[in-house]
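Enquirer: Can you read through this structure? Questions will come right after.
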Amino acid sequence: MSATTSALEPALEVGLQRHFIGGEFREAIRGGTFETLNPVTNEPIGEAADGTAEDVDAAVTAARAAFDDGDWPRLPAAERARILRQIAGAIREHAEEFVALECRDIGMPISQMRGLAARAAENFDYFASAIEQLHGRSFQSGSAFLNYTVHKPAGVAALIMPWNAPLMLSTWRIAPCLAAGDTLVLKPAEWSPLTATRLAELIAATDLPAGVFNVVHGFGETAGAPLAAHRDVQLVCFTGEGATAEKIMAAGAPTLKRYSFELGGKSPVVVFADADFDRAVDAAVAQIFTLNGQRCTAGSRLLVERPLYDDLVAAVAERARHVRVGDPFDPRTELGPLITAEHHARVCSYIDAALADGAELLAGGARPEDRPDGNFLAATVLGGVRPGTRPFDEEIFGPVLVATQFERYEEALALANDTSYGLTASVFTGDLALAHRFARDVEAGFVWVNDVSKHFPGVPFGGFKDSGVGREESYEELASYTQVKNVNVSFGA
Ligand code: NAD
């Protein structure tokens, strides 16, 4: 299939997205396929192999053999680093192709996709450097013993990924797994299979040994679940919803797997009355209306101190009314379509719930006038959303900002923490001590002061509470994808 849906879209052949197992592209053993839809039109743009337990077993078997009998876990770190840098180079060389595939598959605006593709390459570069720094420790235990630790690869990893930024999020996991010497099976989300296959094609042309990196396409219940339960998988790296994480953990319990989970968020952007007004407005708009609002780090709750509330929320709403919604391939587009009609309906149900509860619609709330069909939604701002209601508490995962006011530091903190999530938080204030106090007290794994969104390879990223288990993008992540062996050497009798 190669039908383009936008005059601006580059011509791009999208054939059957096959599995990649043991260095070969394969159709599903049972022969099934499923369609992937264009979020702009909800029309099919390609097909992928519909993986089942048999395909998963073949992929895990290939990964197991590459781990047990192959070179990869035993290569010097510098050699693994060289191959990771090869992969980074291949992604950079084909960056525009990835950008086009991802825009087509998930409807992300092209202007924002370029940064994500660059970041995918950086992930490999960072972990190539990090693996050369990974070191064990030695312990002073008197003159009788020498005691030291070494990091050994953990084994076969299952990488089960979401649809919202597939290339960038999967490379966050692939790069450290490979750096650590693990072998892996990647299961991309069924709504976004395109970039995983292209990545496999590029990896196949590098020096990475066959069987180290495998891809199985398919649905959660039929491909994800058998992968999460497979007895030969030691480590499960999952990015997605908390409810899915619970199932994955239960499926792996009989074989005592290790987990790294990056889950949802309902992150607060907290603005105190002494904040830099324009900076806070810019940040609030950027943190919810970029990446189609489908971002785990979305600053989806705007909490503003009472004296500033009316003016700040009015300014954010005014900016929201000017967010350009449209064709993801148009470089001027700031907000593309939501991923599917089903997800669009789910996001809108939160707007309806907030309005039914007495919230005020300050911007958006429906499809824009010039986009009356499909999965488009105007940038939406809701004022006076009550804590304790679903729109305030739950992750909406779309371009919907809920705003609430507070009176004192204690109330700001209580509201910020009044959610089961704890991924990120932002605080805007001119008071340095207050900023640090808030950073200390807020229940979130990543806190921005007078800023939003920035994080870069090397700094640990992950959530408190229901937002996750483990830390990504960092030395901590690399170490967590290994197992530590302690050696105690006796000198004497
Ligand atoms: P999801 O949980 O529905 O699906 C994620 C993956 O799990 C898919 O590949 C799916 O096929 C698979 N899956 C579904 N059921 C399964 C099962 N029973 N066993 C094994 N695998 C199964 O999540 P999604 O809708 O694709 O992604 C959106 C969610 O991801 C949001 O909650 C978002 O916040 C979260 N997310 C978190 C981060 C982060 O870094 N914290 C980043 C991106 C997305």
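Here is a yes/no grid of residues against (1) surrounded by 21 or more Cβ atoms within 10 Å (Cβ to Cβ); (2) of a type in the set (S, T, N, Q):
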residue	(1), (2)
Pro153	yes, no
Val156	yes, no
Leu169	yes, no
Arg173	yes, no
Thr183	yes, yes
Leu199	yes, no
Gly218	yes, no
Ala225	no, no
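Enquirer: Based on this model, can you work out whether Val323 counts as assigned to a loop (DSSP other than H, G, I, E, B) and of a type in the set (Val, Ile, Thr)?
Expert: yes
Enquirer: Related question: Quick check on Asp451: is it of a type in the set (Asp, Glu), touching a helix residue (DSSP H, G or I) at 6+ places or on another chain (Cβ under 9 Å) and either open to solvent by 10 Å² or more (accessible area, probe 1.4 Å) or in a loop (DSSP other than H, G, I, E, B) (or both)?
Expert: The answer is yes for Asp451.
Enquirer: Looking only at segment 171-189, filter to residues that are touching a residue at least 60 places away in the same chain (Cβ under 8 Å) and of a type in the set (Gly, Ala, Ser); which one of those is nearest to the ligand (Cβ to nearest atom)? Spell out how you get there, then give the answer.
Expert: Residues of segment 171-189 that are touching a residue at least 60 places away in the same chain (Cβ under 8 Å), as a first pass: 171-173, 175-185, 187.
Applying the additional criterion that residues be of a type in the set (Gly, Ala, Ser) yields 175, 179-181.
Values: Ala175: 15, Ala179: 19, Ala180: 19, Gly181: 24 Å.
Filtering segment 171-189 for residues that are touching a residue at least 60 places away in the same chain (Cβ under 8 Å) and of a type in the set (Gly, Ala, Ser), the one nearest to the ligand (Cβ to nearest atom) comes out as Ala175.
Enquirer: Any residue in segment 457-478 that is within 20 Å of Ala243 (Cβ to Cβ) sitting within a Cβ distance under 7 Å of a residue that is crowded, with 19+ Cβ neighbours inside 10 Å and among the basic types (Lys, Arg)? List the pairs, counting only those 6 or more apart or interchain.
Expert: Partner pairs satisfying both residue conditions: Gly462/Arg471.
Enquirer: Residues to consider are Ala286, Ala280, Ala317, Ala275; find the one that is small (Gly, Ala, Ser), away from the ligand (no atom under 16 Å from the Cβ) and crowded, with 24+ Cβ neighbours inside 10 Å.
Expert: Ala280 is the lone residue from the list that is small (Gly, Ala, Ser), away from the ligand (no atom under 16 Å from the Cβ) and crowded, with 24+ Cβ neighbours inside 10 Å.
Enquirer: How many residues does segment 372-403 hold that are open to solvent by 10 Å² or more (accessible area, probe 1.4 Å) and either outside any helix (DSSP H, G or I) or in the same structural domain as Val40 (by TED's automatic domain parsing) (or both)?
Expert: In the first step, residues of segment 372-403 are kept if they are open to solvent by 10 Å² or more (accessible area, probe 1.4 Å); the result is 372-374, 378, 384, 386-390, 393-395, 397.
Now narrow it down to the ones that are either outside any helix (DSSP H, G or I) or in the same structural domain as Val40 (by TED's automatic domain parsing) (or both): 372-374, 378, 384, 386-389, 394-395, 397.
Total satisfying the criteria: 12.
Enquirer: Here is a follow-up. Given (1) at positive phi; (2) open to solvent by less than 10 Å² (accessible area, probe 1.4 Å); (3) away from the ligand (no atom under 16 Å from the Cβ), identify the lone condition not met by Leu256.
Expert: So Leu256 meets the others, but not (2).
Enquirer: Report whether or not Glu369 is in a helix (DSSP H, G or I) and either more than 24 Å from Asp311 (Cα to Cα) or open to solvent by 20 Å² or more (accessible area, probe 1.4 Å) (or both). Steps first, answer last, please.
Expert: Details: in a helix (DSSP H, G or I): no; either more than 24 Å from Asp311 (Cα to Cα) or open to solvent by 20 Å² or more (accessible area, probe 1.4 Å) (or both): yes.
Spelling it out, it is not the case that Glu369 is in a helix (DSSP H, G or I) and either more than 24 Å from Asp311 (Cα to Cα) or open to solvent by 20 Å² or more (accessible area, probe 1.4 Å) (or both).
The values are calculated or read from the model by the stated rules, or taken from the named source; none is laboratory data. As the structure is a prediction and not an experimental result, all values here were calculated from the model. Positions of Cβ are backbone-derived with ideal geometry, glycine not excepted, and every protein chain shown enters the neighbour counts. When the accessible area is computed, the model is the full protein with side chains, heavy atoms only, and any ligands, DNA or RNA have been set aside. Shrake-Rupley method; radii C 1.70, N 1.55, O 1.52, S 1.80 Å.
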